[in-house]
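Notes to accompany the following structure.
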Amino acid sequence: MKEELLRRILSSYKGRREDLIPILQAVQANFGRLPEEAMLRIARFIGIPESEVYSVASFYTQFRLTPLGRKHVTVCRGTACHIRSAPQILQEIEKVVGIEEGEVTPDLEYSLETVACIGCCALAPCIRINRDVYGELTPERARELFSTSKQMSP
Amino acid sequence: MSNRRCTVLICQGTGCISGGAEQIFSSLEEEVTRLNLGESVQIKRTGCHGFCQRGPLIVIEPESIFYSKVKLDDVPEIVQSLLPEGKPLERLFYHDPVTGKPIPHYGDIPFYNKQERTVLRNCGHIDPEDIGDFLAVGGYEALRKALFDMTPEQVIEEVKHSGLRGLGGAGFPTGRKWEACRVAPGEEKYIICNGDEGDPGAFQDRSTMEGDPHSVLEGMIIAGYAIGAKKGFVYVRAEYPLAVKRLKIAITQAREEGFLGKDILGSGFDFDIEIFQGAGAFVCGESTALVLSIQGKRGMPKPLPRPRTAEAGLWDKPTLLNNVKTFANIPLIINRGWKWFASRGTEKSKGTAIFSLTGKVANCGLIEVPMGITLREVIYDIGGGIPGGKAFKAVQTGGPSGGCLPASFLDMPVDFDSLITAGSMMGSGGMVVMDEDTCMVDVARYFLDFTRRESCGQCIPCRLGTEQMFEILDDITKGQGRPEDIELLLELSDAIIHGSLCALGKTAPNPVLTTIRYFRGEYEAHIDEKWCPAGVCRELIKEKGSSPETVGRK
């Protein structure tokens with residue numbers, strides 16, 4: 001199944017060096033992370049050492065080797081968010097969800113990370129849960145956001 | 001019988017979407033269909049209107065009625081108001097925060113009426129997913145003019161004479177870059193549009209790509225014709241999924257209409273554009289790093305001496321790399337001529353500047369102003385001043401490469417060179433306003449935390465220097481600062497500026513240098529008195545004899 005999916009992803013590329021980042025992006029979009037076996041296969045497909053694939057994967061912040069939670073929370077730490085109390089929002093979320101930045105809950109429900117800037121600075125401070133952006137947060141609103149979304153989840 | 005015709009424009013920028021603009025859009029469509037108003041009322045989605053903080057935004061044309069903070073529940077009433085006997089809904093008008101007076105038309109709102117929206121002229125007015133809208137406002141006419149009435153050399157002359165400078169941050173003269181690329185030897189050449197926008201606190205590239213993608217493409221195609229390239233890349237941040245989506249749609253539509261691909265409009269010129277999604281690395285703003293990243297490698301800047309990207313860029317071929325806003329200016333210059341462009345702005349900074357105005361300011365959003373406007377006009381007239389009766393403390397421009405300027409600079413004109421002289425820079429256009437509750441040491445620490453994480457690590461001054469500076473700043477904010485720390489920070493800054501390979505390192509100390517230069521008292525309070533005057537640094541919040549008003553301000 002997974003083998004088949006990986007084969008299908010690779011077959012849509014020519015295997016040139018410049019395909020590496022788009023392939024890693026496609027694999028991560030489908031698998032939620034970059035599995036080690038996949039990186040080995042990509043290395044063979046492009047014809048470069050596996051260490052090169054790993055070196056690129058570890059350089060860019062987008063790539064991850066561990067899976068994301070079903071609700072992936074991104075806290076913006078842009079300048080506008082920072083001076084409008086993003087650090088407190090992050091602390092509050094860490095408290096409510098029970099994990100620290102960069103971690104995933106054991107039940108894979110939540111993962112939490114920070115990002116340089118979401119680009120919604122006028123709504124600072126803001127966070128993203130999966131694809132949805134929530135702006136003008138306060139620690140209280142952040143807490144509410146998570147207690148309601150916890151109730152909504154099955 | 002209804003004979004009133006109107007268009008309801010609803011912003012579908014990322015900011016408004018986060019406030020529910022997509023649902024409002026569908027609900028408006030349903031309501032208009034239900035009441036059978038399809039003949040007289042047109043519902044249209046647009047890109048960012050700029051006033052993101054007041055979103056979701058709706059503009060009703062032709063009267064230019066402006067509704068802000070619209071909610072889903074408002075939809076039935078809005079549609080009712082469009083009936084022949086309907087009246088505009090006053091409660092949705094923008095209310096002046098000072099006088100409380102309702103302002104119905106967006107042209108009368110102070111946030112808009114001091115702006116000069118030329119690059120952003122289409123954002124908020126056309127549907128970015130419909131090429132027909134773009135064509136209706138004269139889109140791709142500049143391309144036609146360039147291809148059929150001008151030689152590539154004439155196009156470059158036009159850009160050179162206009163005085164346009166790169167809007168990605170450094171302000172290098174655009175025409176000179178184009179010329180260098182045109183004369184560089186080699187058959188194969190490339191165009192790259194840098195839409196990576198890694199600066200925290202900036203979102204104008206995002207809004208331009210989301211709100212008016214065709215203008216960017218048109219600028220790129222004209223550039224391709226001018227320098228003799230057949231292929232272009234738009235390098236977009238992976239964190240900008242909506243920009244990627246809209247660009248993809250725009251590229252497909254442009255191909256269908258014959259503006260991209262083989263033999264464009266029958267002129268014999270071939271040019272195509274591909275999207276490359278960045279993978280999250282601030283250092284890829286550096287041209288040599290960005291180029292390596294497209295080639296599938298780690299984005300690490302090439303050591304000096306290195307050939308310029310215009311001579312040896314992508315796969316070592318001559319490559320023209322410009323920012324989103326720079327390309328978006330090109331169709332305007334070709335259409336209206338260099339004289340028009342050069343007549344605006346200051347002597348050395350022509351045209352307009354686009355800022356993401358955010359932070360402790362009443363009106364946050366995306367603004368476009370003539371170069372040379374003062375910081376005071378931007379912050380107080382357009383931005384509406386500092387909310388909550390707080391005092392202005394500083395404005396940060398240029399992101400991690402820029403600096404913090406105090407109140408004594410409020411009357412300084414905003415242009416490339418004045419900002420550099422003051423120790424800051426234009427950068428990619430972030431403008432973050434800070435009030436008395438912002439701690440300048442904490443801000444410096446914040447930026448160093450950013451640059452140390454984003455350093456690519458290949459050169460020691462940047463990799464270890466930024467780390468050292470961060471640790472010293474961190475100590476100061478925790479009450480563990482030592483009297484010699486300020487001098488040490490200045491010394492380290494000097495070494496990093498002179499020893500780093502690329503602009504990331506060379507500019508990383510700027511936020512520290514400007515905060516020391518203009519707010520030294522605040523550093524001293526942290527170090528000598530173990531006290532944070534702004535009340536931000538947790539370990540240092542305590543009552544103090546001297547009043548915060550006297551510390552750190554010029």
Chain B, accessible area per residue, ligands and nucleic acids excluded (1.4 Å, Å²): 36
DSSP beta bridges in the protein assembly as shown, what fraction antiparallel, as a percent rounded to 5? 50
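Tally up the carbon and sulfur contribution to the accessible surface of chain B as a whole percent, 1.4 Å probe, everything protein left in place.
Values: 10000 of 20010 Å².
Of the solvent-accessible surface of chain B, carbon and sulfur hold 50 percent.
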Mind running the shape call on segment B:119-166? Use the C-alpha gyration tensor, a ≥ b ≥ c as the square roots of the eigenvalues: rounded below 1.5 for a/c, prolate if a/b tops b/c, oblate otherwise. oblate
Please report the spacing between the Cα centers of segment B:98-157 and segment B:278-298 in Å, no decimals. 31
Out of B:369, B:338, B:397 - ranked by how far each Cα lies towards the positive end of the dipole of segment B:334-399, with unit charges on the beta-carbon of charged residues - the top one is B:338
Would you be so kind as to identify which of B:236, B:167, B:221 lies farthest towards the positive end of the dipole of segment B:101-253, taking Lys and Arg as +1 and Asp and Glu as -1 on Cβ and the Cα centre as origin? B:167
Cα shape, the protein assembly as shown, gyration tensor, a/c 1.5 rule: rounded
Quick one: work out the % antiparallel among DSSP beta bridges in chain A, nearest 5. 55
Protein heavy-atom accessible area occluded, A/B pair - total, 1.4 Å probe, Å²: 3500
Say each of residue B:129 and residue B:340 gets a label point 7 Å from the Cα, pointing the same way as Cα to Cβ; how far apart are those two points in nm? 3.1
Protection-proxy order for peptides B:358-366, B:84-92, B:521-529, B:502-510, each taking the mean of Cβ atoms within 10 Å per residue, highest first: B:358-366, B:502-510, B:521-529, B:84-92
Which distance in Å, rounded to a whole number, links the C-alpha centroids of segment B:334-413 and segment B:472-515? 27
Please enumerate, by chain and number, the aspartates and glutamates with C-alpha under 18 Å from the C-alpha of residue B:478, excluding those fewer than 8 residues away in the same chain. B:437, B:442, B:449, B:467, B:522, B:524, B:528, B:529, B:539, B:543
For the pair residue B:249 and residue A:33, the simple spin-label estimate (label points 7 Å beyond Cα toward Cβ) gives in nm 3.5
At residue B:488 and residue B:306, where each label point lies 7 Å from the Cα along Cα→Cβ, what is the point-to-point distance in nanometres? 3.2
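How about segment A:34-78: which GluC sites (Glu not before Pro) there lie in a loop by DSSP and see at most 16 other Cβ atoms within 10 Å? Don't skip to the end; give the middle numbers.
Numbers: sites: A:36, A:37, A:50, A:52; in loops: none.
Sites meeting the loop and neighbour criteria: none at all.
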What three numbers, in Å, describe the spread of the alpha carbons of segment B:88-146 along their principal axes, ordered from the longest? 49, 23, 14
Quick one: how many lysine pairs in segment B:305-431 have C-alpha atoms under 24 angstrom apart, if they're 8 or more apart or on different chains? 8
Roughly how big is segment B:331-377's charge dipole about its Cα centre, with Cβ charges of +1 (Lys, Arg) and -1 (Asp, Glu), in debye to the nearest 20? 100
Using r as the Cβ-Cβ distance of residue A:44 and residue B:267, and R0 as 45 Å, what FRET efficiency do you calculate, to the nearest 0.05? 0.55
How big is the antiparallel share of DSSP beta bridges in chain B, given as a percent to the nearest 5? 50
Cα-based reach from residue A:71 at 19 Å (exclusive), listing lysines while leaving out same-chain residues under 8 positions away: A:95, A:150
Accessible carbon and sulfur surface of chain A relative to its total accessible area, %, 1.4 Å: 51
Anything losing 50 Å² or more of accessible area from the isolated chain to the full protein assembly: pick those residues out of segment A:2-41, probe 1.4 Å, ligands and DNA/RNA ignored. A:17, A:18, A:21
For segment B:79-198, size of Cβ-based charge dipole, Lys and Arg +1, Asp and Glu -1, in debye: 440
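Quick check for me: using +1 on Lys/Arg Cβ and -1 on Asp/Glu Cβ, what's the dipole size of chain A about its Cα centre, in debye to the nearest 20?
Using only the charged Cβ atoms, the result is roughly 460 debye.
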Which of the three applies to segment B:128-242, rounded, prolate or oblate, going by the alpha-carbon gyration tensor with a ≥ b ≥ c and a/c under 1.5 meaning rounded? oblate
Losing no less than 10 Å² of accessible area (probe 1.4 Å) relative to the isolated chain, the residues of segment B:270-296 are B:276, B:277, B:279, B:280, B:281, B:293, B:294, B:295, B:296
Just in segment B:169-274: which GluC sites (Glu not before Pro) are loop by DSSP and have at most 11 other Cβ atoms within 10 Å? B:187
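The values are calculated or read from the model by the stated rules, or taken from the named source; none is laboratory data. The shown structure was predicted, so the numbers you read here are calculated from the model rather than taken from an experiment. Don't worry about glycine lacking a Cβ; one is built from the backbone with ideal geometry, like all the others, and counts go over all protein chains shown. Side chains are part of the model used for accessible areas, which takes the heavy atoms of the whole protein and leaves out ligands, DNA and RNA. Shrake-Rupley method; radii C 1.70, N 1.55, O 1.52, S 1.80 Å.
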